[in-house]
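Notes follow once the structure below has been shown.
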Amino acid sequence: MSFTTSTALASKLPQAKDLSHLFVPTFRIHQKSPFKAVMGTPTLDMINMAGGVPHPSTFPLEQVQATVRAPSHAAPGRTGTLSLERTQANGSTESLNELLQYNDGRGMASYCRFLRQFTEQAHAPPYADWDVVASCGNTDSIAKAVSLFCQQGDHIIVEQYSFPGALSNLVFAKVKPVPVAMDIEGVDPVALDSLCSSWTGATLLRAIYVIPTGQNPTGATMSLARRKALYAVAQKHDLVIIEDDPYYFLQLGPMPETQDTTATDMNKLSLVPSLLSLDTDGRVIRLDSFSKILAPNLRCGWITAPAYIQDRMQILNESTILQPSGLTQGVISRLLNDTWGIEGWIEHLNAL
Amino acid sequence: MEADPTLLSLGAGLPHPSTFPFAQIGAHVAPAGASVANTAPADMLNVSVTTSSGAIEGLGKFLQYGNGRGVPSYAAFTREHTHRVHDPKYVDWDTVVSLGNTDAFVKALMLFYTSGDTLLVDEWTYPAIIGTVVPMNIQLAPVRMDAEGMVPEALDHVCTNWTGERKLRMVYTIPTAQNPTGATMSIARKRAIYAVAQKHNLVIIEDDPYYYLQFEPYTADSEHRYTNLPGITSLVPSLLSLDTDGRVIRLDSFSKVLAPGLRCGWVTAPKYITDKIQFHNETSIQQPAGVSQAIVASLMNEQWGHSGWERHLVQIQRDYAMRRDLFVDLCLKHLNGLV
């Protein structure tokens, strides 16, 4: 089920362009979710035995809890203990039984709901039919995003110096990286345009992989002007942009004279707008992770993209990990929805 | 870095643990072999992981980047459990973490197979793997089954008469409570399958999430049930335990016997294979979620121990045996003569 933002503005936004011509052949045909194929759709009061789903009475955990620190030193509230009870809903979060059970490849509803709300506040994607899917971190998301558009022997554009984890993935997938020159801000759009215009490779260039903020390894952060220019070149050459942005909220501006440590408004974080926030076509697949902004081994993140792309991402999840740990998503959802709330979350990001 | 411990490497981009949001993560857990429903709150065990380390690592380790082997106390428990139950018959076996058996299946498959290869499977096999292999352009070669599962003569026949361009190199099987048929292989059947795999030099993917759900034969006499359950000691031995060559890649999961939402499992195979799966983990999922590993590691190492875990498995076996019996009782009552 695809999500549409509930704001009045959203209804005036365009739908994403259909870029399915850029998919690898397997994904041009819309496949059924493997999870749904096994689990089916419940009818009447029938119990579907096909999935081998364990009975929750066998789960030995009665309650999960965590002691949470305050989001920042300047805002000492919103601390305490969060808990997940077994059979009842936990605030905005599902019951422990649901979190511990098999679920589909989209992610837990409460987790995704918070991240949609946060993505809307942080990026306000300028098209209507975007959605969020849970991931287990950006390294896995990179592999999955690349696999939608590139198969063995294909090429993908990368920054001249790029994240070693991504490059390893490309070696594994037998997808060849085509480097584009960088300067102090990152990818040079003129170089990118020239590369695409003069490309004579056997297969088309369909995607570019960039790390626009705190680039790994150069540390470069693209300005807004640079991002707009990059987006325009991507539009010209019909490229999908894989925006790998785990450091986005760690943008360090110039040292201010006074530190506003009680910021609860996203604007006070003074972040350069993301490529997603410029994405009128729906050609950006944005990869977000909790690794640098909450903890790395939570193994939780999220992907933002057009709903029809997310349907394929769900299939990729269900063919591999199913979804990130439901228990962990529940703990994060409880923390962010209830203990800290979105204001506390933004305070935490500000303090980081 | 090792020569001078005062040096801090910034190369890996590790966040500082003081930024992690949790000072403690824990759970109330039923004693081993008891169910939550039958345990009074005062008798619940407290599983707790804090920032200090003791018998297991602290949260600073469970929540930090690590490697594709998982957090050591979690990984060590799964390895020791495998040793206790299966006692692999070659020296250089090892275990590596997975996010469950679908993740493990893909990783095992990708070690040996690429686009255009063909995987030997039961003629009725687990539907979800079909969704997995199609995008990889891997074909499936079905092998006839009977009430015990894959028929060894049929496997031999398919391999002997194979005329495809690429050799058949792997066979995928679910030897216990096979999905969808429910078949469980006897030890004789497993030995015969293993012999055919040796003859044709096949790698066996042993997908065994239901291993502990082996039951005594059904009896309509409800007064005399549950006296002959196999427990842990009388289970049909696994293919791994017969594996003298090191050709079995065994997939184990906590999904059916602890909870699916932990996304925790492990793979057992020769070390040169588990090393490669470790590297594949490191370019994909890294390792199972730290929160899940923390709770499992604390529960297993600090509360239940191996004997408690085995007690829990025996209780789960009994729980599902009771469900099986109720199911068959009701089938006999309501479907007798109809099917």
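The values are calculated or read from the model by the stated rules, or taken from the named source; none is laboratory data. Since we're looking at a predicted model, the values are computed, not measured. Positions of Cβ are backbone-derived with ideal geometry, glycine not excepted, and every protein chain shown enters the neighbour counts. The protein model used for the area step is the full one, side chains on, heavy atoms only, and it has no ligands, DNA or RNA in it. Shrake-Rupley method; radii C 1.70, N 1.55, O 1.52, S 1.80 Å.
Structure summary
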read-out: Single residue of the stretch B:79-103 satisfying the filter (over 28 Å from A:VAL175 (Cα atoms) and among the acidic types (Asp, Glu)) that is surrounded by the fewest Cβ atoms within 10 Å (Cβ to Cβ); value: B:ASP92
read-out: Qualifying residue in the stretch A:36-45 (condition: open to solvent by less than 20 Å² (accessible area, probe 1.4 Å) and at pLDDT 90 or above); value: no
read-out: Residue count for the stretch B:109-132, restricted to those that are in contact with a Ser or Thr (Cβ under 6 Å, 6 or more places away or on another chain) and within 9 Å of chain A (Cβ to nearest Cβ); value: 2
read-out: Count of residues meeting criterion [within 14 Å of chain B (Cβ to nearest Cβ), assigned to a loop (DSSP other than H, G, I, E, B) and modelled with pLDDT of 95 or more] in the stretch A:164-204; value: 1
read-out: Residue among B:LEU168, B:LEU229 that alone is open to solvent by 30 Å² or more (accessible area, probe 1.4 Å), assigned to a loop (DSSP other than H, G, I, E, B) and farther than 30 Å from A:ASN103 by Cβ; value: B:LEU229
read-out: Which listed residue, of B:ALA32, B:ALA76, is touching a helix residue (DSSP H, G or I) at 6+ places or on another chain (Cβ under 6 Å) and either buried (at least 16 other Cβ atoms within 10 Å of the Cβ) or modelled with pLDDT under 95 (or both); value: B:ALA32
read-out: Test: residue in the stretch B:136-155 that is crowded, with 18+ Cβ neighbours inside 10 Å, in contact with a Pro (Cβ under 9 Å, 6 or more places away or on another chain), at positive phi and within 14 Å of another protein chain (Cβ to nearest Cβ); value: no
read-out: Hits in the stretch B:9-61 - residues which are within 8 Å of chain A (Cβ to nearest Cβ) and at positive phi; value: B:GLY13
read-out: Checking B:ILE193 against (1) over 19 Å from B:LEU242 (Cα atoms); (2) assigned to a helix (DSSP H, G or I), the condition it does not meet; value: (1)
read-out: Scope the stretch A:296-352; condition out of contact with any helix residue (DSSP H, G or I) (no Cβ under 7 Å at 6 or more places or on another chain), farther than 17 Å from A:ASN138 by Cα and within 7 Å of chain B (Cβ to nearest Cβ); matching residues; value: A:LEU335
read-out: One residue from A:ALA225, A:ALA232 being assigned to a helix (DSSP H, G or I), among the small types (Gly, Ala, Ser), touching a residue at least 40 places away in the same chain (Cβ under 8 Å) and open to solvent by 40 Å² or more (accessible area, probe 1.4 Å); value: A:ALA232
read-out: Residue in the stretch A:52-68 that is closer than 18 Å to B:GLY26 by Cα and open to solvent by 40 Å² or more (accessible area, probe 1.4 Å) present; value: yes
read-out: Helices (runs of 4 or more DSSP H) enclosed by the stretch B:263-339 - at least 2 residues per element that are within 14 Å of another protein chain (Cβ to nearest Cβ) and small (Gly, Ala, Ser); value: B:290-298, B:305-335
read-out: The stretch B:242-259, subset in a loop (DSSP other than H, G, I, E, B) and open to solvent by less than 10 Å² (accessible area, probe 1.4 Å), residue farthest from the other protein chains (Cβ to nearest Cβ); value: B:ASP243
read-out: Qualifying positions in the stretch B:104-127 - open to solvent by less than 10 Å² (accessible area, probe 1.4 Å), closer than 22 Å to A:MET49 by Cα and either out of contact with any Leu (no Cβ under 7 Å at 6 or more places or on another chain) or at pLDDT below 95 (or both); value: B:ASP122
read-out: Matching option when the condition is in contact (Cβ under 8 Å) with a residue 40 or more places away in the chain, of a type outside the set (Val, Ile, Thr) and open to solvent by less than 20 Å² (accessible area, probe 1.4 Å), among B:LEU239, B:LEU213, B:LEU262; value: B:LEU239
read-out: One residue from A:THR218, A:THR203 being of a type in the set (Ser, Thr, Tyr), over 24 Å from A:LEU278 (Cα atoms) and over 22 Å from the mean Cα position of the chain (by Cα); value: A:THR203
read-out: Residues within the stretch B:92-108 that are away from every other protein chain (no Cβ under 11 Å) and more than 10 Å from B:THR268 (Cα to Cα), tallied; value: 2
read-out: Qualifying position, being β-branched (Val, Ile, Thr) and crowded, with 24+ Cβ neighbours inside 10 Å, among A:ILE342, A:ILE315; value: A:ILE315
